[in-house]
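Trainee: What follows is a structure written as structure tokens; I'll ask about it next.
The values are calculated or read from the model by the stated rules, or taken from the named source; none is laboratory data. Values in this document were obtained by computation on a predicted structure and should not be read as measured data. Because the Cβ atoms are built from the backbone with ideal geometry, glycine has one as well, and the counts that use them run over all protein chains shown.
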Amino acid sequence: MDHVVRENRALLIMDVQQVVVGMLKEDTKGYLERLQHTLAIARGAHIPVIYVVIGFRPGFPEVSPNNKAFAALKSNSRMFDVPEAVAIHTAVAPEAQDIVVTKKRVSAFAGSDLELVLRSMGVNHIILTGIATSGVVLSTLREAADKDFAITVIEDCCADADPEVHRVLTSKVFVRQSQVTTLNDWAATF
């Protein structure tokens, strides 16, 4: 007898904060419009939306000098000291029913309660979007796969400062552990 597994999905919008969007070299207007469309589809299909943001306490006590990437952030903490800079971009702002999770490292799971939230909601399939493909998307995908989540990556709703890195990850690396699709193809499934 075949067992039908009901997939409870959640859409993750990761690191789409004002300061992070400002670092993109691509057309941010087009990127944000694609995310808006993705959000509209998810909300219309009653798929929970979870925003993941990077955030630290004043003085960055969570950041070790041994962590090369975050130690550099700590030394240039001015850009993370302004609440407006680290806020979720206004073009894709959360709605009242959405959940916001704060992480302390690259992966959405690291230093956050994301797994607790997902498991409590019965979610077993996550849909990944965000900035950067080579950062939060890659790290979250790898950790989610190890935690036995089904994963979909909407490749044109992910962005990276290096388009070639984005291309290699979405076409050669991510396909080993997830379904990689475009917004249009994903939207066509509803």
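Trainee: So, in region 118-146, how many residues would count as being farther than 24 Å from His166 by Cβ and either of a type in the set (Gly, Ala, Ser) or surrounded by fewer than 16 Cβ atoms within 10 Å (Cβ to Cβ) (or both)? It would help to see each step written out before you state the result.
Mentor: At the first step, the residues of region 118-146 found to be farther than 24 Å from His166 by Cβ are 118-124.
Remaining after also requiring either of a type in the set (Gly, Ala, Ser) or surrounded by fewer than 16 Cβ atoms within 10 Å (Cβ to Cβ) (or both): 119-122.
Qualifying residue count, region 118-146: 4.
Trainee: Out of the residues in region 60-106 meeting the condition of being at pLDDT below 90 and surrounded by 17 or more Cβ atoms within 10 Å (Cβ to Cβ), tell me which one is nearest to Ile47 (Cα to Cα).
Mentor: Val86
Trainee: Please go through region 112-158 and pick out each residue that is among the basic types (Lys, Arg) and either assigned to a loop (DSSP other than H, G, I, E, B) or within 12 Å of Leu12 (Cα to Cα) (or both).
Mentor: To start, the set of residues in region 112-158 that are among the basic types (Lys, Arg) comprises 119, 142, 147.
The one that is among the basic types (Lys, Arg) and either assigned to a loop (DSSP other than H, G, I, E, B) or within 12 Å of Leu12 (Cα to Cα) (or both): Lys147.
Trainee: May I ask you to verify whether Thr140 is under 21 Å from Tyr51 (Cβ atoms) and of a type in the set (Val, Ile, Thr)?
Mentor: Criteria met by Thr140.
Trainee: Of Val86, Val117, Val153, Val137, which residue is β-branched (Val, Ile, Thr) and free of Cβ contacts under 8 Å to residues at least 60 places away in the same chain? Give the steps one after another, and end with the answer.
Mentor: Details: Val86 fails: free of Cβ contacts under 8 Å to residues at least 60 places away in the same chain; Val117 fails: free of Cβ contacts under 8 Å to residues at least 60 places away in the same chain; Val137 fails: free of Cβ contacts under 8 Å to residues at least 60 places away in the same chain.
Testing whether each residue is β-branched (Val, Ile, Thr) and free of Cβ contacts under 8 Å to residues at least 60 places away in the same chain leaves just Val153.
Trainee: Taking region 9-27 only, how many residues are in a loop (DSSP other than H, G, I, E, B) and within 9 Å of the chain's Cα centre (by Cα)?
Mentor: Initially, region 9-27 is screened for residues in a loop (DSSP other than H, G, I, E, B), giving 15-16, 22-27.
Subsequent filtering for residues that are within 9 Å of the chain's Cα centre (by Cα) retains 15-16.
Residues in region 9-27 being in a loop (DSSP other than H, G, I, E, B) and within 9 Å of the chain's Cα centre (by Cα): 2 in total.
Trainee: Mind listing whichever residues of region 99-111 are within 13 Å of the chain's Cα centre (by Cα), within 16 Å of Phe60 (Cβ to Cβ) and assigned to a loop (DSSP other than H, G, I, E, B)?
Mentor: Arg105, Val106, Ala110, listed by residue number.
Trainee: Considering only residues that are free of Cβ contacts under 8 Å to residues at least 40 places away in the same chain, in a helix (DSSP H, G or I) and of a type in the set (A, V, I, L, M), look in region 159-190 and name the one that is surrounded by the fewest Cβ atoms within 10 Å (Cβ to Cβ). Even if it seems obvious, please write down each step before you answer.
Mentor: The initial filter retains those residues of region 159-190 that are free of Cβ contacts under 8 Å to residues at least 40 places away in the same chain, namely 160, 162, 164-177, 179-182, 184-185, 188-189.
Narrowing further to those that are in a helix (DSSP H, G or I): 164-176, 184-185.
Next cut, of a type in the set (A, V, I, L, M) only: 165, 168-169, 173, 175.
Working: Val165: 15, Val168: 15, Leu169: 23, Val173: 17, Val175: 12.
Here the residue is Val175.
Trainee: Taking only pairs six or more apart or across chains, which ones have beta-carbon atoms under 9 Å, a first residue in region 32-55 that is farther than 13 Å from Val16 by Cα, and a second residue that is of a type in the set (Gly, Ala, Ser) and surrounded by fewer than 19 Cβ atoms within 10 Å (Cβ to Cβ)?
Mentor: His37/Ala187; Thr38/Ala187; Ile41/Ala187
Trainee: For Ala188, are the conditions met, namely being in contact with a Ser or Thr (Cβ under 8 Å, 6 or more places away or on another chain) and small (Gly, Ala, Ser)?
Mentor: Details: in contact with a Ser or Thr (Cβ under 8 Å, 6 or more places away or on another chain): no; small (Gly, Ala, Ser): yes.
Judged against the criteria, Ala188 is not a match.
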